[in-house]
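K.L.:
This is the structure I have questions about; it appears just below.
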Amino acid sequence: MPWILLAVFLWGLVHSLLASDTAKGWAQRVFGPRAFRLYRLGYNAFAGISFLPILVLLFLVPDRSLYLVPLPWSGLMMLGELLAAAALVVGLRQTDPWEFIGLHVRDKTEKPPKLTTSGLYQYVRHPLYTAGMVFIWLLPLMTANILSVNIGLTVYVIIGAAFEERKLGRVFGKAYADYKMTTPMFIPFTIGNKSRHKSSGL
């Protein structure tokens, strides 16, 4: 269990460092603007490949079962996972999935990105993170190793979202500050949403 937590921590640390403006600026200076257009795609590919050793550890490290949810509750949990996966797809489509993957890079002739506050984003500021966390925590089978990965990923998401919020604040300024005041970070239908609906007359 400690080895898996350490592996997830290191993966999250490297992942966060590569996503920083410092790393992006260094890559652009070293590889040039044209090569830098592939940075997002390479970043996502590296994140996926570098996570594979953690999956291997799940099978190599001695494990023990913590619980197995019986039917019909396990069926409801798997239905929740399907809904979370659907939310991931919907959330991506509401922004720019190709830009998220790295296959679309904005140039100077394109309009700057707009702050998305509709769809799933009117309920939480980070619907992709929320859906991802729902998916991993609704697994009907929980072992010590899976729990380690889930804890590590949850901590990484919370910290990563905090850094992402700072970046979005720099990009969108007051618009994002107002959005934060009326929309919760991860959990929908909380005070932020009530304030948002009240102010809009809903």
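The values are calculated or read from the model by the stated rules, or taken from the named source; none is laboratory data. Source: prediction; values computed, not measured. Note that we place each Cβ from the backbone using ideal geometry, even for glycine, and neighbour counts take in every protein chain shown.
K.L.:
Which condition number does V90 fail, the rest of (1) surrounded by 11 or more Cβ atoms within 10 Å (Cβ to Cβ); (2) under 30 Å from L6 (Cβ atoms) being met?
P.N.:
The single condition V90 does not satisfy is (2).
K.L.:
Hey, another quick one. Could you run through region 118-144 and say how many residues are at pLDDT below 95 and of a type in the set (V, I, T)?
P.N.:
Looking only at that region, the number is 0.
K.L.:
Sort out which residues of region 136-152 are touching a Gly at 6+ places or on another chain (Cβ under 8 Å) and in a helix (DSSP H, G or I), and write them in order of number.
P.N.:
G152, the sole residue that qualifies.
K.L.:
Still on this structure: Would you mind stating whether G119 is on the phi > 0 side of the Ramachandran plot and exposed (fewer than 13 other Cβ atoms within 10 Å of the Cβ)?
P.N.:
In short, no.
K.L.:
Also, quick follow-up: So which of L147, L79 is modelled with pLDDT of 90 or more and crowded, with 16+ Cβ neighbours inside 10 Å?
P.N.:
Exactly one of L147, L79 is modelled with pLDDT of 90 or more and crowded, with 16+ Cβ neighbours inside 10 Å, namely L147.
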